[in-house]
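See below for the structure under consideration.
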Amino acid sequence: SHAEAALRTSEERLRLALVAARMGTWHWEPSGDRHRRDANLNRLLGLEPVETVLPLEEFFTHVHPDDHAAVRAAFDASVRRGHNLQVDFRVVWPRGEVHWLSDKGDVFGSGSGRYLAGACVDITERKRLEDELREADRRKDEFLAMLGHELRNPLAPMRNVLEALRRNHLDEA
């Protein structure tokens with residue numbers, strides 16, 4: 001039917017937009033521990049781009065060990081308190097590559113029917129640029145400190161001469 005064709009076209013546009021935005025979506029039902037990830041999110045984890053439904057614990061196996069506790073705490077707090085989820089973290093791809101994701105989600109429903117739905121965006125490039133800016137800023141600070149030190153030494157005799165001239169001028173007056 002025309003409505004089904006329009007729906008398929010709309011879904012395909014959404015899928016392509018998510019791919020272009022390097023974004024994947026997820027849905028987690030804590031009561032049955034069903035974590036549904038779309039193909040795009042699996043792609044962001046370095047996995048085969050197919051939809052999966054697995055326990056949330058399986059998702060945590062892809063999170064960088066140093067970020068594991070913070071991501072788990074963010075999910076737990078979101079469910080317990082019923083507030084939004086927002087956490088940036090690293091994931092380790094099967095071949096060892098590290099990528100950064102920014103995850104945002106909202107809590108829906110109530111009681112045992114409560115669930116979270118959200119999206120992850122790849123922020124690896126942004127993190128790389130932030131690191132480069134931090135490093136450039138550090139190098140600038142080191143350069144200015146070195147320049148200040150180097151200029152202070154040759155200027156010291158000039159400062160002494162100027163001070164002597166000033167005193168001599170005051171003495172003459």
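Being touching an Asp or Glu at 6+ places or on another chain (Cβ under 6 Å) and among the acidic types (Asp, Glu) is the filter; apply it to segment 24-56 and report the residue that is least open to solvent (accessible area, probe 1.4 Å). Step by step, filter segment 24-56, then rank; the result is ASP38. Selection over segment 72-123 of residues that are buried (at least 17 other Cβ atoms within 10 Å of the Cβ) and hydroxyl-bearing (Ser, Thr, Tyr) gives a count of 2.
Annotation: of all residues in segment 96-124 being at pLDDT 95 or above and outside any strand (DSSP E or B), the one that is farthest from ALA21 (Cα to Cα) is GLY96.
Here LYS127 passes the criteria (1) free of Cβ contacts under 8 Å to residues at least 24 places away in the same chain; (2) in a helix (DSSP H, G or I); (3) among the basic types (Lys, Arg) except the one numbered (1).
The values are calculated or read from the model by the stated rules, or taken from the named source; none is laboratory data. It should be emphasised that the depicted structure is a prediction, and the values quoted were computed from it without experimental measurement. Note that each Cβ is placed from the backbone with ideal geometry, even for glycine, and that neighbours are counted across all protein chains shown. SASA here: full protein model, heavy atoms, side chains in, ligands and nucleic acids out. Shrake-Rupley method; radii C 1.70, N 1.55, O 1.52, S 1.80 Å.
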